[in-house]
């Protein structure tokens, strides 16, 4: 019986909140009219149009630059090891050099974890 009362209460609350939402204002404008008006507002004069020689690469925000700035990579040193000549199962193995990373994956700093160097020095 209590479950039925709770169900009825939730349904009535849902219906009351749905009726309380404001109505969307009606307009005679179509999507095409709105788009045309917005296009006219974003007019760029011909004497200052972007040309291929404009280099805006440093000012553009991309996902890559955002991630590199928010989560910089921490140092992951490469260890150079020399393996001496040895025998494996009776077969001679010549000496060789190999490179190993100290950590299996590159660690990333959390936002704000690295302190920015003072530019006043």
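The values are calculated or read from the model by the stated rules, or taken from the named source; none is laboratory data. All values derive from a computational prediction rather than experimental measurement. Here the Cβ positions follow ideal geometry from the backbone for every residue, glycine too, while neighbour counts run over all protein chains shown.
Being in a loop (DSSP other than H, G, I, E, B) and closer than 14 Å to residue 75 by Cα is the filter here; which residues of the stretch 96-112 pass it? Matches in the stretch 96-112: 102, 103, 104, 105, 106, 107, 109, 110.
Taken as a whole, the structure leaves residue 92 outside the set of residues that are surrounded by fewer than 10 Cβ atoms within 10 Å (Cβ to Cβ), at pLDDT 80 or above and in a loop (DSSP other than H, G, I, E, B). Of the residues examined, residue 76 is not one that is over 18 Å from the mean Cα position of the chain (by Cα), at pLDDT below 80 and assigned to a loop (DSSP other than H, G, I, E, B).
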